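Chemist: Quick one: the structure is below, and I'll ask about it shortly.
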Amino acid sequence: REVIEATVAKMDQFSAAGDMRSWAGFFSDDATFTNSALPEPIVGRDAIIEMAGNWPGIENELEWRVIDGSRMVIGWRERQLLEDGVTSGWYRGMSTFVFDADAMVNEYEGVFDLVSVQAALKIRQPG
């Protein structure tokens, strides 16, 4: 548990800094990344790093976290950082991470309602 929490703390630092390529570097070589917005899972660290490097800037807030064995589930809310300090509205989701023996993410699944994300993107507010 302590090793997973240390890995997650490092991932959170990279995410908060907007460095999603480094965040994705914590995935194992053969990791699987599944996300509501993707038509199919992405497999392999290199492909996950490439995909994450193309994400828009986001502000993400962790709302809750549960760790059980090698699995962690989090509830979050996030909003996209748009131009000139403007953000989108907030939307929520859940993510499941499964860690391998080296505390690398081996499986990831992010679940959120795409309609909520699309609605949030129509809302523009000062950051």
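The values are calculated or read from the model by the stated rules, or taken from the named source; none is laboratory data. Quick caveat: nothing in here was measured; it's all calculated off a predicted structure. With ideal geometry, Cβ positions are generated from the backbone for all residues, glycine too; neighbour counts draw on all protein chains shown. We work out accessible area using only protein heavy atoms, side chains counted, and drop any ligands, DNA or RNA first. Shrake-Rupley method; radii C 1.70, N 1.55, O 1.52, S 1.80 Å.
Chemist: Quick check: at a probe of 1.4 Å, how many percent of the accessible area of the chain sits on carbon and sulfur atoms?
Modeler: Taking all protein chains in place, the chain shows 50 percent carbon and sulfur surface.
Chemist: Here's a follow-up. If R0 is 25 Å, what FRET efficiency do you get for Glu50 and Arg71 from their C-beta distance, rounded to 0.05? Show your work: numbers first, answer last.
Modeler: Numbers: r = 26 Å, r/R0 = 1.02.
FRET efficiency, Glu50 to Arg71: 0.45.
Chemist: So what is the accessible area of the chain per residue, in Å², with the probe set to 1.4 Å? Each step should come with its number before you reach the end.
Modeler: Numbers: 7320 Å² over 127 residues.
Per residue, the chain has an accessible area of 58 Å².
Chemist: Another one. Once P(r) over Cα pairs in 5 Å bins from 0, in percent is worked out from the coordinates, which option in [x] 2, 12, 22, 22, 16, 11, 8, 4, 2, 1, 0; [y] 2, 11, 19, 25, 22, 13, 6, 2, 0; [z] 2, 9, 12, 12, 12, 11, 10, 9, 9, 8, 6, 2, 0 does it equal?
Modeler: Only one option fits the structure, namely [y].
Chemist: In the neighborhood of Val98, defined by Cβ-to-Cβ distances under 12 Å, what is the net charge if each Lys or Arg adds +1 and each Asp or Glu adds -1? Could you put the intermediate results ahead of the total?
Modeler: On the way: positive: Arg71; negative: Asp68, Asp100, Glu107, Glu109.
That works out to -3.
Chemist: Starting from the amide H of Phe27, placed 1.01 Å from N in the peptide plane, find each other amide H under 5 Å away whose residue is 5 or more places distant or on another chain.
Modeler: Val105
Chemist: Modelling each spin label as a point 7 Å along the Cα-to-Cβ direction, I'd like the Arg92/Gln13 distance in nm, to one decimal.
Modeler: 3.0
Chemist: Leaving ligands, DNA and RNA out of it, work out the accessible area of Asp46 with a 1.4 Å probe and give it in Å² to the nearest 10.
Modeler: 120
Chemist: What per residue convex hull volume, in Å³, comes out for region 54-109 when only alpha-carbon positions are used?
Modeler: Hull volume normalised by residue count: 91 Å³.
Chemist: Highest mean first, what order results for 6-14, 50-58, 24-32 on Cβ atoms within 10 Å?
Modeler: Working: 6-14: 15.1, 50-58: 13.4, 24-32: 18.8.
Packing proxy ranking, top to bottom: 24-32, 6-14, 50-58.
Chemist: Which value does Rg/Rh take for region 7-80 over its C-alpha atoms, Rh per Kirkwood? Walk me through the numbers before you get to the answer.
Modeler: Numbers: Rg = 12.4 Å, Rh = 13.1 Å.
We get a ratio of 0.94 for region 7-80.
Chemist: Can you tell me the relative contact order of the chain? Whole percent, Cα pairs under 8 Å, sequence separation 6 or more. Intermediate values should be presented prior to the final figure.
Modeler: Numbers: 241 pairs, mean separation 29.5, N = 127.
In percent, rounded to a whole number, it is 23.
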